[in-house]
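Readers should treat all values here as calculations from the given coordinates under stated rules, not as data from a laboratory. As the structure is a computational prediction, the values presented were derived from the model and not from experiment. Every residue, glycine among them, receives a Cβ derived from its backbone with ideal geometry; neighbour counts consider all protein chains shown.
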Amino acid sequence: MTSTDIMLERVRAGDAQAFAELTGPYLSELRLHCYRILGSVQDAEDMLQETLLAAWRGIGRYEGRASLRTWLYRIATNCSLNALRASGRRPRPEPPEPPFEAVTPTRRGEPVWLQPYPDALLDGIPDTIAGPDARYEAKETIALAFVAAAQHLPPRQRAVLLLRDALGFRSAEVADILDTSETSVNSALQRARATMAAVLPVRDRDSAPLPRSAKERDLAQRFAAAYGDDDIDGVIALLTDDAWFTMPPATLEYQGPAAIASFLAQSSRYRGSRHTWLIPTRANGQPAFGCYVPDEHAGICHAHGVMVLTMQGMRISAITRFVDGGLLPHFGLPRTLPVRWSSRSGS
């Protein structure tokens, strides 16, 4: 009898500590899987807890025909798909708009209900979680652009793509996880790949600074200094010619230095002397900032969201701004700051 079999016997006897030891090594990767499906770090945490509850209740039915990891992915995937079905039956709120009359956008996209994912939650995920059949590199499937693109897929196609191309499960395993046939899996995968190829931006990933490198840190610090000082020319000088500024789920999207400069100028006029203060963090394997705006009447700054940078070469190719919505605690950042705090101190 293996150590896993012994642990399973303890769990089936009601040993909660044994259950925690048995499932603990998989929690980080399961949470990330739920996030890739749902696009929300808060929903991913909820689905992780539902997965653990379902696993605890159903451990007596686990027969060991698939690995424990595969069995847990089956539960997590189906919990997440059920959550998507439930949310699909509820009317979505109207996407937010800026609190001022914004300049005409480059385009109005579809609302994408997406949140950034704290890098701190990636700790403990082994580099080997993607199997030999994985189509994408692990760092690519964590990136904000990939997760955003995946949200354009129907739920079942999304699950198939992630299980097959991000995690490297074989088609037969995916069919078992989703209670369907291999033919259906391969058909869904083909459609999902075609959509991702059309939606996912083509980037020269090799030209981007290495994560957490001095070059990446320098570019992020120069952006923070310029943005925090409302130095619009300084921000624009750091962008690629085809850079995007987006604010999901708001549908306003601005591309190119001129369009982004116009939007930032209007935003600056609206805030007046209240400059945005930035605290460095990381999201989706990318440089990010907690954003704070001073209160007009009190000596504090309020959390105003999270901003994520996508880099290409030594330029910024995308700025994605998220409203707070309870995000900051997931990044270990406070909801308020004393007004005397300086953005330079956090850079």
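Only Lys, Arg, Asp and Glu carry charge here, each on its Cβ (+1 for the first two, -1 for the last two); on that basis segment 6-149 has a dipole of about 640 debye about its Cα centre.
Under the classification rounded if a/c is under 1.5, otherwise prolate if a/b is larger than b/c and oblate if not, where does segment 257-325 fall, given a ≥ b ≥ c as square roots of the Cα gyration tensor eigenvalues? Oblate shape, in that a/c is at least 1.5 and b/c is the bigger or equal ratio. Helical content of the chain, expressed as a calculated mean residue ellipticity at 222 nm, amounts to -13000 deg cm²/dmol (DSSP H runs of 4 or more residues, -39,500 (n - 2.57) each, divided by residue number, nearest 500).
Here the spin labels are modelled as points 7 Å beyond Cα on the Cα-Cβ line, and at ARG108 and ARG61 they lie 4.6 nm apart. Taking amide H as placed 1.01 Å from N in the peptide plane, ARG335 has no amide H partner under 5 Å among residues 5 or more places away or on another chain. Using the Cβ-Cβ distance between THR70 and SER187 with R0 set to 22 Å, the FRET efficiency works out to roughly 0.50. For the residues GLY124, GLY313, GLY14, a GNM of the chain with alpha-carbon springs under 10 Å puts the largest fluctuation on GLY14. Starting from a Cα-only point model with no solvent, please compute log10 I(q)/I(0) by Debye for segment 87-219 at q = 0.12 1/Å. Once normalised to I(0) and log-transformed, intensities are -0.64. Using Cβ point charges alone (K and R +1, D and E -1), the dipole size of segment 235-342 about the Cα centre works out to roughly 260 debye.
From the largest down, segment 45-141 spans 59, 32, 25 angstrom on the principal axes of its Cα atoms.
Between PRO257, ALA172, TRP277, whose Cα lies farthest towards the positive end of the dipole of the chain when Lys and Arg beta carbons carry +1 and Asp and Glu beta carbons carry -1, centred on the Cα centre? The listed residue farthest towards the positive side: ALA172.
A Förster radius of 45 Å, combined with the Cβ-Cβ distance separating ASP242 from ALA54, puts the computed FRET efficiency at roughly 0.50. Estimated from the Cβ-Cβ distance and a Förster radius of 25 angstrom, the FRET efficiency linking GLU101 and ASP229 is about 0.55.
Averaging Cα coordinates gives a centre for segment 41-64 and one for segment 280-295; these two points are 31 Å apart. Charges were assigned to the Cβ only: +1 to each Lys and Arg, -1 to each Asp and Glu. The resulting dipole of segment 59-114 about its Cα centre is roughly 460 debye.
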